[in-house]
Amino acid sequence: MCGIVGYVGERSSIEVLLGGLRRLEYRGYDSAGVAIVTPGNGLVSHKRSGKLGILSDDLGHNPLAEGHTGIAHTRWATHGGPTDENAHPHLGDGGKLALIHNGIIENFHELKQELLAEGEEFLSQTDSEVAALMVGRSYREHGNLTKAMQEVVSRLEGAFTLLVVHQDQPGVVVGARRNSPLVVGLGEGENFLGSDVAAFVAYTKKAMALGQDQIVTLRSTEVSVITFDGEPVEAAPFDIDWDASAADKGGWSSFMAKEISEEPEAVANTLRGRLGDDGLVALPELDALIGDGSAINRIIFVACGTASYASMVGLYAIEKWSGIPVGVELSHEFRYREPAIDEHTLVVSVSQSGETMDTLMAVRYAAERGAKTLSICNTQGATIPRESGAALYTHAGPEVAVASTKAFLAQVVACYLLGMYLGQARGLLSTKESAALADDLHKLPGQLEEMVKTGPRIQELARWMADTRSVLYLGRHVGYPIALEGALKLKELAYIHAEGFAAGELKHGPIALIEPGQIVFVIVPSPRDPMSLHSKVVSNIQEIRARGARVIALAEQGDAAVLPFADEVIPIPLTSTFMEPLLAVVPLHIFGMELAGAKGLDIDQPRNLAKSVTVE
Ligand code: AGP
């Protein structure tokens, strides 16, 4: 999704703007541009299709005039292909105004006809240029940039974050947002805007999120916020809990490699301060929403992709520990089936970015129908947690690679904390059970360190399989969502067919896929598993091996039953049923990354994908 940066202050704005875009590259884009209001040369701007390096090279050879007010943009094409003309910023008021946009203006066609009828000329095929010309038209009438923005946003439909600057207004950037993120960075004698805090965390760790349908007027020493209707807003600032170095690769070959290495820390940080050794869970941020849990008779998770698989793992634990029926629904399906929900339903959204439009719309749908809404999110101040009844933040730190890794583990742990919290509140989880779970959870970071060390062996496997065209993943119970997650990683990173199945489903069809040489990863439950799923899965392995499959088993250290039937065994430390998924997923994350690497693909920014899907 598009990256947005705005700046007003004493620095040379071009450094701030390009640096901000670099920190937002992970969002996925196909063109980039900047616009600066200069003291003596009016408004200057430059934009190019392609990666940021192309724009930077141009500016290196032909630098823009200096200025202390500017906006910058990386575009992920929606209307109109990735060309120089379609890149942002777009100009208005005869080139005196520049505008950048994230989102989709759904009624742009009728607005464009109106502008064409007035003789306006369009240089691009984008919906965004409509907004630039409209703000320019309003500004010409009264010379007030904030008022011009207010007039225009009242006519726009859809999702948008807009930033504008005008050469007659040096020292001012005006921004507006609806259904698309925008955060303010609060500095000393300077202020920033960004689609997320990564845009300016190098300069300030104090931020302020803008709410729905709000307009911000940014000056170097003053930030004022109003609603689209002009009502003043007092937005609460917050402190960013990570620093710029965390958003750098730190010497790793890719952000993904760095973030996999941080999986143990992500779990430790998400647990920190929330789980006593006695197993009692403290989540004061949930007390007002959930209380003793007695008013909740149903829980529905809404999420997409990897976040939905974390929710599926959570389902098993929360239903077992709390006794509350739990369902998991894909956000983009949820509201279109018109679910029967009410004030006794707790809708839990899971989202790393907190900006996934499908999930945001599902949360709004649920809230409109009286459901309680809880956000499990990794991004402070993001739209989904701000629009939810309560937020349970994961503390995985910034996740830059498009393929989600450490956030997944943190999401599962957050689900477990929620399940224990509910079970304890409802008196269904005993002190003994809680203490045992706490013990297992506190052991996880150390055990995860062991799993991260399987990297070299997994890299060898990946190199051996670099030409494979299909990989299957089997799991059972909480291993089933891990099979789905492993398959998704391979699809999104190595661009090959991969599919996850519930192991019990094999005989109902998928076993027909097995032919000699078919690679199958199998997540094997512990032989100490009280539900005796272990023997069933070992039987599944025998069935596929008998048909020529090449089996890579993720199995508990010392599990002798698996050895005769697996071509490769990746050992997992001894642990309990609910902890195994968190350990088994690490080699699958590494495998997806290494296979992509073996194929020479872009690990951090896979083709066609964005880190946060902020359009439906
Ligand atoms: C996961 O690797 C993918 N990048 C994708 O499935 C992602 O999990 C999904 O788009 C949800 O994103 P969110 O957690 O930011 O809502």
Inset, instruction - Return the percentage of antiparallel bridges among DSSP beta bridges fully within segment 1-108, rounded to the nearest 5 %. - result: 100
Inset, instruction - Give the long-range amide H neighbours of F301: residues separated by 5 or more places, or on another chain, with amide H under 5 Å away, using H modelled in the peptide plane at 1.01 Å from N. - result: G327, V328, E329, V348
Inset, instruction - With a Förster radius of 35 Å, plug the Cβ-Cβ distance of Y336 and A65 into 1/(1 + (r/R0)^6) and report the FRET value to the nearest 0.05. - result: 0.10
Legend entry - segment 264-309: C-alpha gyration tensor shape, a/c 1.5 cut-off, then a/b vs b/c: oblate
Inset, instruction - For segment 522-561 and segment 35-84, compute the distance between their C-alpha centroids and round to whole Å. - result: 56
Legend entry - Neighbourhood net charge (10 Å Cβ-Cβ; Lys/Arg +1, Asp/Glu -1) for A382: -2
Inset, instruction - Give me the percent of DSSP beta bridges within the chain that run antiparallel, rounded to the nearest 5. - result: 60
Inset, instruction - Using the structure shown, select from K406/K611; K320/K453; K206/K611; K258/K611 the pairs with a Cα to Cα distance greater than 25 angstrom. - result: K320/K453
Legend entry - Net charge of Cβ neighbours under 13 Å - reference R545; Lys, Arg +1; Asp, Glu -1: -2
Legend entry - Residues of type aspartates and glutamates that K112 reaches as a straight line, Cα spacing below 14 Å, ignoring anything fewer than 8 places off in the same chain: E120, E121, D127, E129, E157
Legend entry - For peptides 176-186, 162-172, sequence by mean Cβ density within 10 Å, most packed first: 176-186, 162-172
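Rounded to the nearest 0.05, what FRET efficiency do S12 and S470 have when you use their Cβ-Cβ distance and R0 = 56 Å?
0.60
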Inset, instruction - Just tell me which lysines come within less than 19 Å, Cα to Cα, of K599; anything on the same chain fewer than 8 places away is out. - result: K489, K491
Inset, instruction - State, to one decimal in nm, how far the label point of H442 lies from the label point of A236, with both points 7 Å from Cα in the Cβ direction. - result: 3.1
Legend entry - Backbone HN-Hα couplings from phi across segment 493-498 [Karplus 6.51/-1.76/1.60, Hz, Gly and Pro as x]: 9, 9, 6, 10, 5, 8
Inset, instruction - Return I260, I290 ranked ascending by Cβ neighbour count within 10 Å, so the fewest neighbours appear first. - result: I290, I260
Legend entry - Simple Cβ-charge dipole of the chain, Lys/Arg +1 and Asp/Glu -1, about Cα centre, in debye nearest 20: 1100
Legend entry - Cβ-based charge dipole, the chain, positive-most Cα from C2, V452, I105: V452
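So what's the back-of-envelope 222 nm ellipticity for the chain, counting only DSSP H runs of four-plus at -39500 (n - 2.57) apiece and dividing by all residues, rounded to 500?
Values: 18 runs with 217 residues, N = 616.
That comes out to -11000 deg cm²/dmol.
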Inset, instruction - Find which of G276, F255, S331 sits farthest along the positive direction of the dipole of segment 251-339, computed with +1 on the beta-carbon of Lys and Arg, -1 on that of Asp and Glu, about the Cα centre. - result: S331
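Less than 13 Å Cβ to Cβ from V313, Lys/Arg counted +1 and Asp/Glu -1: what total charge do the surrounding residues give?
On the way: positive: K320, R476; negative: E319, E485, E580.
Local net charge: -1.
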Legend entry - Residues Y7, Y365, sorted so that the one with the fewest Cβ neighbours within 10 Å comes first: Y365, Y7
Inset, instruction - May I ask which residue of P237, A176, A435 lies farthest towards the positive end of the charge dipole of the chain, with charges of +1 (Lys, Arg) and -1 (Asp, Glu) on Cβ and the Cα centre as origin? - result: A435
Inset, instruction - Provide the packing ranking of 122-128, 346-352, i.e. peptides ordered by the mean count of other C-beta atoms within 10 Å per residue, highest first. - result: 346-352, 122-128
Legend entry - Burial order of peptide ranges 533-539, 54-60 (average beta-carbon count within 10 Å, highest first): 533-539, 54-60
Inset, instruction - Give the calculated FRET efficiency between D229 and E188 to the nearest 0.05, with a Förster radius of 25 Å applied to their Cβ-Cβ distance. - result: 0.20
Legend entry - Exposure proxy order (Cβ contacts within 10 Å, fewest to most) of Y421, Y203: Y203, Y421
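Each reported figure results from applying straightforward, stated rules to the coordinates on display, with no laboratory input. It should be emphasised that the depicted structure is a prediction, and the values quoted were computed from it without experimental measurement. Every residue, glycine among them, receives a Cβ derived from its backbone with ideal geometry; neighbour counts consider all protein chains shown.
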